[in-house]
Amino acid sequence: MEAITVTKTKKSGKRPDYIIMDKNTKAIIFGFQTRAIQRMLDFDYICRREEPSVVVIVNPTRDGMHKCFWGTKEILIPMVRTLKEATKMHPEADFMVNFASFRSAYQTSKEALETKTIRSVAIIAEGLPEQRTKELIKIAKEKNKWIIGPATVGGIAAGGFRIGNTAGQLDNIVASKLHRQGSVAYVSKSGGLSNELNNIIAMTTDGVYEGVAIGGDRYPGSTFIDHMMRYEKNPDIKMTVLLGEVGGTDEYEVIDAIKKGRIKKPVVAWCIGTCSKVFPAEVQFGHAGARAGAERETADVKNKAFKDVGVYVPKSFDDFDKQIEKAYTKLVKSGKHKPIPDVEPPIIPLDYEVALKQGMIRKPASFISTISDDRGEELRYCGVTISRIFEEKWGLGGVIGLLWFKKNLPAWAREFIERVVLLTADHGPAVSGAHNSIIASRAGKDLISSLVSGLLTIGPRFGGAVQGSANHFTKYLYAGEEPSFMVTDMKSKNVNIQGIGHRIKSVTNPDVRVTIMVDFAKKNFPVTETLDYALSVEELTTSKRNNLILNVDGCIGVLCCDMLRGIGYSRDEVREFVDLGILNAFFVLGRSIGFMGHIMDQKRLKSRLYRHPWDDIEYMMPDKPEKVK
Amino acid sequence: MAQRGIREYDGKKMLAKYWTDYISKDFKFPGKIVLVDPKTKLDDLPKKHKWLKTEKLVVKPDQLFGKRGKHGLIKANASFTEAKKWITEHMNKETKVGKVTGMLTHFIIEPFVPHKGEFYVAIKSNREGDMIYFSNHGGVDIESVWKTVSEIQIDVDQDINKVNIESKLPKDTPKEHKKMFAEFTKGLYKFYRELNYAYLEINPFVVSGKEIIPLDLVARIDDTGHFESSDKWGDLTFPAPFGRKLSKEEKYVKMMDEKSGALLKLTVLNPKGRVWTMVAGGGGSVIYTDTIVDLGYRDELANYGEYSGNPTTDLTYEYAKTILDLMTREKDPKGRPKFLLVGGGIANFTDVAKTFTGITMALRDYKKKLKDTKVKIYVRRGGPNYKEGLKIMKDLGEELGIPIDVYGPETHMTRIVDMALGGK
């Protein structure tokens, strides 16, 4: 796919005053509404517009480029932070679709109306204070500009331009023939019913020319009459449809214009809310200056007024479609209008999500994850909801069981894991890992960097004995070798047995940590084969030297293997864990607690940068480098 | 969100609070007023409001309805003891006002002000700005003396300070009050604009020494102005119109509506009606109800109902259950079928199949009752995934053995009304 940057477009071209949107309209989108933008572009594409209707996005919090589809290709639409930049970049854009919230829609719409190059503003937000809308209406009137909305989905010029999300999904747009121009224009108060109007008009006539939903507010930025007069002047529009509502008196301006002959084209009209009469009457206000009786504002009276001036008015909404058909058929029969033929729209590839949902496509996943799922109502670890983990007190050991082994561990295993974490949590500031963490922290590095600095020392010489002992003991045990063979074989290879030996502790002065763990395992573990093997080895090594005891790392290493066997893994699987280096996980997890403790300690002490003292370094530099022969 | 009525009490309190900011420092409105609700301990009031014991009082209900004098709901020139007695007699009493019966729960007590002239001022919003109405003949139905009213239009971008209000007051304005009334009107307008009022009527106000006292005040506030003016509004409530007593089910739906981002509405018009609607979308629900009435089935119409704003499956389920429960409580006495219209227009981006999930769950729950009361279901809907949604409903009908007819956008939105009822 190639990406094209839309920076310069052709001029929008001159158009008559009565057209506010058409196939040449270029729009600025205020607000980073990615889906609405894509919907507008998709509409452009099925209308076979030459150029995209969206030329620039105003997003106060981000600038740059926004990538979207243009048919099957991808294009880049510039995104700027201010309207000023947008209008400077695209002076040919005379339409702004304003997605700003009700809080900021007034300011942004005002700025747009006061900008020379913008002629029309559609305000989508619902909940603008009436006074603010009135101020906008005044500005628009003075500057001869258009407002559609507030509180609307917008409107649509069939075959040309779609305001935001108007008319719904593409299949609905095509079903309603909106991808090409028809000859019927409508204006509706409700945006929610505009889809229905598109559908009705498409089924009964040669289709919609344009439709506008003026929005449900008391003071819409443009009213029925404004659009009806535009439609009257436009020779491509042959008849109009008006869908009004109970409340307000705006419909009477249209009735008056028809009466006075200012509107001559056929009109089909209906005001919804005729059911208001069956609702329990609510007490009237002490209506003052309201000389217009409430009666005038009912749907029934408005519908009758329309009928009285010769408008096509149905008996109920149920034959609204028939009235439209009647008006249209008469128009065609009179020879005043030749139906516009249908056009096959280009095919737009389905969006991946839509196609997937409909089961039309599949694709191999790039990732597989088998341990957790964050998509549903609640986070789950290996199928167990987080709330259950708390309710049933699974604890750290239980969670590790789920995420590392995908098993619901028995109590003994959970406790063992927790003991390992507690045991390995720290071993003072002098060991290499803690030391590194402290040095990094004192060099002003952040917690994570300092922690990583410590963790990086874990390996064959520091902390790696857990992994190493597991490796050494299982290797000989699983191969069926006697402990004595292991000792002599290792000796002959000149390799120290990992997990054997202690600096201070000895047979006579045993390490209490090891004693506790061994006792725990003997009492609770179903399998202690590796421990037993290691203890046999220890017997042999301690007979040679008193301090060649099974140390705490070694003990943890072998017990981890026995735990894995105890929770159901075969020897082969245990070896696989060992080969993958997974046993280091226990030590890393535990010791991270200690490292972070040391780091926090240093930070709180405000320790300065550490510099190793000169007198602790024996400088043995030669006078000159060795010469290479 | 729209213009909403506020209590006379709140209007007067606000006016008194901002009087010197907007209206005048020379003449005053002391704002002596007390609101009494069912929880108020009447005997404790004089401790905080000493004037209750020292002045003659006026008492009247404050529940968004007018013409209280005509309905005998004003007690004037009363002592505190008399006022208390009057309130106790009227509190929590069913009362008929016009065509509506409701419970009296809120009263205001104010000083009784002996006065000579009664004056009228009102400000009403219109598309271009606001119209100020002024008359020197207040205290009566203003329509009956409309000739005496001056109309002063202030456009939305006009600076009221540059308008010569004095010259625009009615010719019969008493000379001694002219300046004061002009200042008052100007200030009242500023107050009205700054606090996002949409309607403010004082009929009448009177002059008492160096005070202007509004005797009767009616106001509506544009509640979308909340983010601009709520600091000034203070703790303001928008009471429900008088007499709207909600049934248990209506209250339940209202509660769900308020506690979620979705829109759920239910008004039971006639629980014995045979046609129940459950319609998606505001416009759609009005149109279905209209059509039932317009086609002459007004007596069969049971409810007005709407669900929109993408309610969750749980909410739709609860909502559907509420309606199904109401409609299946009793069989039609003549043994005729009942109808449930699950209607709607063509959705923009709502997944239709998904919205039907909650409804199908409820229909399963009510399988037996639906059969017992001979319910026939008609579905009409369009929009994303509507074919799947209609298929789910159709299959459900076969599974439950309940007649469910389904239609898509190729069928005119309201045709199911006549399909259901036309056969009768």
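The values are calculated or read from the model by the stated rules, or taken from the named source; none is laboratory data. This is a predicted model, so every value here is computed, not measured. All Cβ positions, glycine included, derive from the backbone under ideal geometry; neighbour counts span all protein chains shown.
Any idea which residue in region B:372-386 is nearest to B:Arg336 (Cα to Cα), counting only those that are among the charged types (D, E, K, R) and surrounded by 14 or more Cβ atoms within 10 Å (Cβ to Cβ)?
Our first condition is that a residue be among the charged types (D, E, K, R); within region B:372-386, this holds for B:372, B:374, B:376, B:380-381.
Add one more test, that the residue is surrounded by 14 or more Cβ atoms within 10 Å (Cβ to Cβ), and what stays is B:374, B:376, B:380-381.
Working: B:Lys374: 7, B:Lys376: 11, B:Arg380: 23, B:Arg381: 26 Å.
If we take residues in region B:372-386 being among the charged types (D, E, K, R) and surrounded by 14 or more Cβ atoms within 10 Å (Cβ to Cβ), then B:Lys374 is nearest to B:Arg336 (Cα to Cα).
For a quick check of your reading: which helices (runs of 4 or more DSSP H) sit entirely within region A:5-115 and have at least 2 residues that are out of contact with any Gly (no Cβ under 8 Å at 6 or more places or on another chain) and more than 25 Å from A:Gly149 (Cα to Cα)? So that I can check it myself, show each step before the final result.
Working: elements: A:34-46, A:83-89, A:105-113.
The qualifying helices (runs of 4 or more DSSP H) are A:83-89.
Please count how many residues of region A:528-561 are among the β-branched types (Val, Ile, Thr) and either more than 53 Å from the chain's Cα centre (by Cα) or farther than 18 Å from A:His472 by Cα (or both). I'd like the intermediate steps shown before the answer.
So in region A:528-561, the residues among the β-branched types (Val, Ile, Thr) come out as A:528, A:530, A:537, A:541-542, A:549, A:552, A:556, A:558.
Remaining after also requiring either more than 53 Å from the chain's Cα centre (by Cα) or farther than 18 Å from A:His472 by Cα (or both): A:537, A:541-542, A:549.
The qualifying residues number 4.
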Checklist entry - Within the set of pairs 6 or more residues apart or between chains, which connect a residue that is within 14 Å of another protein chain (Cβ to nearest Cβ) inside region B:4-15 to a residue that is basic (Lys, Arg) and part of a strand (DSSP E or B) with Cβ atoms less than 8 Å apart? => result B:Arg4/B:Arg220; B:Gly5/B:Arg220; B:Ile6/B:Arg220
Checklist entry - A:Phe416 fails exactly one of the following numbered conditions: (1) more than 38 Å from the chain's Cα centre (by Cα); (2) crowded, with 19+ Cβ neighbours inside 10 Å; (3) closer than 17 Å to A:Ile567 by Cβ; (4) without any contact (Cβ under 8 Å) to a residue 24 or more places away in the chain. What is the number of that condition? => result (4)
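Out of region B:61-101, which residues are in contact (Cβ under 8 Å) with a residue 40 or more places away in the chain, at negative phi and either more than 24 Å from the chain's Cα centre (by Cα) or surrounded by fewer than 20 Cβ atoms within 10 Å (Cβ to Cβ) (or both)? Give the derivation first.
So the first thing to find is which residues in region B:61-101 are in contact (Cβ under 8 Å) with a residue 40 or more places away in the chain, and the list is B:61-66, B:84, B:87-88, B:91-92, B:97, B:100-101.
Now narrow it down to the ones that are at negative phi: B:61-63, B:65-66, B:84, B:87-88, B:91, B:97, B:100-101.
Across region B:61-101, the qualifying residues are B:Lys84, B:Ile87, B:Thr88, B:Met91, B:Val100, B:Thr101.
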Next on the checklist: Here is a check on your reading of the model: is B:Leu396 among the hydrophobic types (A, V, I, L, M, F, W, C) and in a strand (DSSP E or B)?
Outcome noted: no
Next on the checklist: For region A:189-206, give me each residue that is within 17 Å of B:Gly309 (Cα to Cα) and facing chain B (nearest Cβ under 7 Å).
Outcome noted: A:Ser190, A:Gly192, A:Leu193, A:Asn195
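Each row is one residue, and each column tells you yes or no for (1) among the basic types (Lys, Arg); (2) under 19 Å from A:Cys275 (Cβ atoms).
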| position | (1), (2) |
| --- | --- |
| B:Lys248 | yes, no |
| B:Asp257 | no, no |
| B:Val293 | no, yes |
| B:Thr328 | no, no |
Checklist entry - Which of the residues spanning region B:392-407 are within 13 Å of chain A (Cβ to nearest Cβ) and surrounded by fewer than 17 Cβ atoms within 10 Å (Cβ to Cβ)? => result none
Next on the checklist: For the condition in contact with a strand residue (DSSP E or B) (Cβ under 9 Å, 6 or more places away or on another chain), farther than 14 Å from A:Ile148 by Cβ and assigned to a strand (DSSP E or B), what is the one hit in A:Leu243, A:Leu197?
Outcome noted: A:Leu243
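Out of all the residues in region B:187-239, which are free of Cβ contacts under 8 Å to residues at least 40 places away in the same chain, among the charged types (D, E, K, R) and either buried (at least 21 other Cβ atoms within 10 Å of the Cβ) or in a helix (DSSP H, G or I) (or both)? Walk me through how you get there before you give the answer.
Pass one, region B:187-239, residues free of Cβ contacts under 8 Å to residues at least 40 places away in the same chain: B:196, B:209, B:225-231, B:235.
Still in the list and also among the charged types (D, E, K, R): B:228, B:231, B:235.
Within region B:187-239, B:Glu228, B:Asp231 meet the criteria.
Considering only strands (runs of 3 or more DSSP E) fully contained in region B:76-149, which possess at least 2 residues that are touching a strand residue (DSSP E or B) at 6+ places or on another chain (Cβ under 9 Å) and either away from every other protein chain (no Cβ under 14 Å) or farther than 24 Å from B:Arg244 by Cβ (or both)?
Working: elements: B:94-97, B:100-103, B:107-111, B:119-125, B:129-135.
Result: B:107-111, B:119-125, B:129-135.
Within region B:53-72, can you find the residues that are more than 14 Å from chain A (Cβ to nearest Cβ), in a loop (DSSP other than H, G, I, E, B) and of a type outside the set (Gly, Ala, Ser)? If you could, list the steps in order and put the result at the bottom.
Looking only at region B:53-72, we keep the residues that are more than 14 Å from chain A (Cβ to nearest Cβ), and these are B:53-59, B:72.
From the residues that got through so far, the ones that are in a loop (DSSP other than H, G, I, E, B) too are B:55-56, B:72.
Hits for region B:53-72 are B:Glu55, B:Lys56.
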Checklist entry - Given the structure, is B:Tyr378 of a type in the set (Phe, Trp, Tyr), within 13 Å of another protein chain (Cβ to nearest Cβ) and touching a Leu at 6+ places or on another chain (Cβ under 9 Å)? => result no
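Quick check, is A:Glu377 part of a loop (DSSP other than H, G, I, E, B), modelled with pLDDT under 95, of a type outside the set (Gly, Ala, Ser) and surrounded by fewer than 14 Cβ atoms within 10 Å (Cβ to Cβ)?
Working: part of a loop (DSSP other than H, G, I, E, B): yes; modelled with pLDDT under 95: yes; of a type outside the set (Gly, Ala, Ser): yes; surrounded by fewer than 14 Cβ atoms within 10 Å (Cβ to Cβ): yes.
Spelling it out, A:Glu377 is indeed part of a loop (DSSP other than H, G, I, E, B), modelled with pLDDT under 95, of a type outside the set (Gly, Ala, Ser) and surrounded by fewer than 14 Cβ atoms within 10 Å (Cβ to Cβ).
Does region A:289-298 contain any residue that is within 9 Å of chain B (Cβ to nearest Cβ), modelled with pLDDT under 95 and on the phi > 0 side of the Ramachandran plot? It would help to see each step written out before you state the result.
At the first step, the residues of region A:289-298 found to be within 9 Å of chain B (Cβ to nearest Cβ) are A:289-291.
Of the ones still in play, those that are also modelled with pLDDT under 95 are A:289-291.
Keeping just the survivors that are on the phi > 0 side of the Ramachandran plot gives none.
No, region A:289-298 contains no residue that is within 9 Å of chain B (Cβ to nearest Cβ), modelled with pLDDT under 95 and on the phi > 0 side of the Ramachandran plot.
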Checklist outcome for this item: Restricting region A:312-337 to residues that are in contact (Cβ under 8 Å) with a residue 60 or more places away in the chain and surrounded by 19 or more Cβ atoms within 10 Å (Cβ to Cβ), the one nearest to the other protein chains (Cβ to nearest Cβ) turns out to be A:Asp321
Next on the checklist: Within region B:166-179, does at least one residue satisfy the condition of being in contact (Cβ under 8 Å) with a residue 40 or more places away in the chain and closer than 29 Å to A:Pro129 by Cβ?
Outcome noted: no
Next on the checklist: Can you find a residue that is in a loop (DSSP other than H, G, I, E, B), basic (Lys, Arg), more than 24 Å from B:Trp19 (Cβ to Cβ) and at the interface with another protein chain (Cβ under 9 Å from one of its Cβ atoms) anywhere in region B:150-171?
Outcome noted: no
Item to check | region B:24-75, residues that are among the hydroxyl-bearing types (Ser, Thr, Tyr) and closer than 30 Å to B:Lys186 by Cβ | outcome: B:Ser24
Checklist entry - Here are some conditions: (1) surrounded by 13 or more Cβ atoms within 10 Å (Cβ to Cβ); (2) within 14 Å of chain A (Cβ to nearest Cβ); (3) of a type in the set (Gly, Ala, Ser). B:Gly31 meets all but one. Which one does it not meet? => result (2)
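Kindly check whether there is at least one residue in region A:339-350 that is within 30 Å of A:Ile258 (Cβ to Cβ) and either more than 22 Å from the chain's Cα centre (by Cα) or free of Cβ contacts under 8 Å to residues at least 24 places away in the same chain (or both). Give the steps one after another, and end with the answer.
Pass one, region A:339-350, residues within 30 Å of A:Ile258 (Cβ to Cβ): A:339-340.
Those still in the list that are either more than 22 Å from the chain's Cα centre (by Cα) or free of Cβ contacts under 8 Å to residues at least 24 places away in the same chain (or both) too: A:339-340.
So far as region A:339-350 goes, yes, one or more of its residues are within 30 Å of A:Ile258 (Cβ to Cβ) and either more than 22 Å from the chain's Cα centre (by Cα) or free of Cβ contacts under 8 Å to residues at least 24 places away in the same chain (or both).
Considering each residue of region B:313-341, count those that are β-branched (Val, Ile, Thr) and over 27 Å from the mean Cα position of the chain (by Cα), and give that number. First the steps, then the outcome.
Step one: list which residues in region B:313-341 are β-branched (Val, Ile, Thr), which gives B:313, B:316, B:322-323, B:328.
With the extra rule that they be over 27 Å from the mean Cα position of the chain (by Cα), the set shrinks to B:313, B:328.
Adding up the residues that qualify gives 2.
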Checklist entry - Right, A:Ser453: in contact (Cβ under 8 Å) with a residue 40 or more places away in the chain and buried (at least 18 other Cβ atoms within 10 Å of the Cβ) or not? => result no
Checklist entry - Would it be correct to say that A:Ser176 is closer than 20 Å to B:Pro409 by Cα, within 13 Å of chain B (Cβ to nearest Cβ) and touching a Ser or Thr at 6+ places or on another chain (Cβ under 9 Å)? => result no
Item to check | Matching residues in region A:265-279 - criterion: being over 28 Å from B:Asn303 (Cβ atoms) and among the β-branched types (Val, Ile, Thr) | outcome: A:Val267, A:Val268
